[in-house]
Amino acid sequence: MESVYQSLMERGYIKQFTHEEEIKELLEKEKITFYIGFDPTADSLHVGHFIALMFMAHMQRAGHRPIALIGGGTAMIGDPSGKTDMRKMLTKEEINHNVESIKKQMERFIDFSEGKAIMVNNADWLLGLNYVEFIRDIGVHFSVNRMLSAECFKQRMEKGLSFLEFNYMLMQAYDFFELNKRYGCIAELGGDDQWSNMIAGVELIRRKVQKPAYAMTCTLLTNSEGKKMGKTEKGALWLDKEKTSPYDFYQYWRNIDDADVEKCLSLLTFLSMEEVKRLSSLEGSQINEAKKVLAYEVTKLVHGEEEAERAKTAAEALFGAGGNMENVPTVTISRDKINLPLIDILADTGIVPSKGEAKRLIKQNGLSLNDDKVTDASRVLGEEDFKEGIALIRKGKKSYHKIVVE
C-alpha cells in the first residue's frame, strides 16, 4: 500500500517542506498528529479552504490525526499574508458566530469521532495571555530583521504594516507551540501563502523545547494561468449553500478551462489517480464528460449527494439532456415589478451584482431572456415574457436563472 506521502505528491498537493526526508520517513512509518489553522473571518469557508480540508482528509484517511484549529484569537488581529490592505476588524460576537458556522462545515469533511480528530479554538489560550510574559517568553526567540524579510510582511511595507498585524506571526507560531505541548502535535500543514508563519512555529518549538517539529505546505488552487480559482462575478465561491447555491457551485466546476481539469480532479476529489488520468486525457468535446464528473464529485463532497443530483439534473435540463427545470436557481418577484426595466429586476434579485454589470453583459451580447439576446439596456420585463409563468434568464453561455411572479 502506498504511503500518504506518495499519494499527496502524485496528486500535486505538496509545495514545500521544512525537513523533507524526515517528513517522508515519518509519514511512511508512523501515525502523527498535525494541524491546519482556519481563521473565522467569515461565516463560511470558501473553495480556497476546501483544498486544505481535502489535504487534511487525505492525511486522516491514511491514519494520521488532524487538529482543526479555529482561529478565534488570531482573527482578532488579522493575517497580513497575501493582503495589500489591513483586514476589517471583527467584534468578538462576529468571530464567535463565524466559529460556530465553520465548525459545522468542517464536520462534513473530517471525522471528529473519539480519537480520530480534534477541533480547538486558539482563543482558549491566546485571549488570556499576559503581554509582558508573552514577549519575554516567546518574543525573545524572534529576529525582527528576519521577520521583515518574510514575504507576508514585505508586500505590506510600502502601504504600511500595523504593529497589530506584525504580531500575527508570533501568535501563529505560539499556536503550534501550544498544540505541541497539549496534544503532541508535530506538524503544521497549510496553504503555501502561510510558509513564513509556519517556519516561525517550527523554529520556535525546536529552539525553545528542542523537540522535532515540521511544516508542509500545499499548493494554492490556481488555474493554468497562475490565477487563483474560486472567484465568480458574485465574489468568492463559498461552501455555504446560502452564499453560493449548489447549482452555481456545480456550474463553476462544469465550466472550468480544459487545462484545469486534471489538477482539479486530483486535488478536489477522492477519485483514484488512474481514473483522474483517464478522464483528463479525454480530448475535444469528450473533455466535457470529465468536467461533469468533476462538478458532480466536488458538489457531492461539499453539499451532499442529493444536492449534487439536483444540480446535475438542472444543468442537464438546460443543456438538452432531458431533465426537468425545477432545480434551476429561481428568484421570485412581486407582480408590481412587471413592466419595470429588466436590469433593475436583475440587480434587485441578485441575478447580477449591479445594474452596471447588467449593462456590460448586454453590451457584450452576454444576456438573454427566453433564449433571445437582450440588446437594449432599457428593455422592460413584460407580462408576455413569462412562458407558463416563468421567464428564463441566461448570462453568458451556461448560467441560468428562472424568474417567477408571486
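Considering V140, V99, which residue is in a helix (DSSP H, G or I), of a type outside the set (D, E, K, R), over 21 Å from I51 (Cα atoms) and modelled with pLDDT under 90? Unique residue meeting the criteria: V140. Scanning segment 268-278 for residues that are of a type outside the set (K, R), assigned to a helix (DSSP H, G or I) and surrounded by fewer than 21 Cβ atoms within 10 Å (Cβ to Cβ) gives M273, E274, E275. Among the residues of segment 31-52, the one identified as in contact with a helix residue (DSSP H, G or I) (Cβ under 7 Å, 6 or more places away or on another chain), assigned to a helix (DSSP H, G or I) and within 18 Å of Q16 (Cα to Cα) is I51.
Within segment 102-137, being surrounded by 19 or more Cβ atoms within 10 Å (Cβ to Cβ) and in a helix (DSSP H, G or I) holds for I102, Q105, M106, A123, L126.
On the given criteria, is K263 outside any helix (DSSP H, G or I), basic (K, R) and either assigned by TED's automatic domain parsing to the domain that holds M106 or touching a residue at least 60 places away in the same chain (Cβ under 8 Å) (or both)? So K263 fails the test.
For segment 349-406, filtered to residues that are within 22 Å of D336 (Cβ to Cβ) and of a type in the set (K, R), the residue that is surrounded by the most Cβ atoms within 10 Å (Cβ to Cβ) is K402.
The values are calculated or read from the model by the stated rules, or taken from the named source; none is laboratory data. On a predicted model such as this, the values are computed, not experimentally measured, just so you know. Cβ: placed from backbone, ideal geometry, glycine included. Neighbour counts: every protein chain shown.
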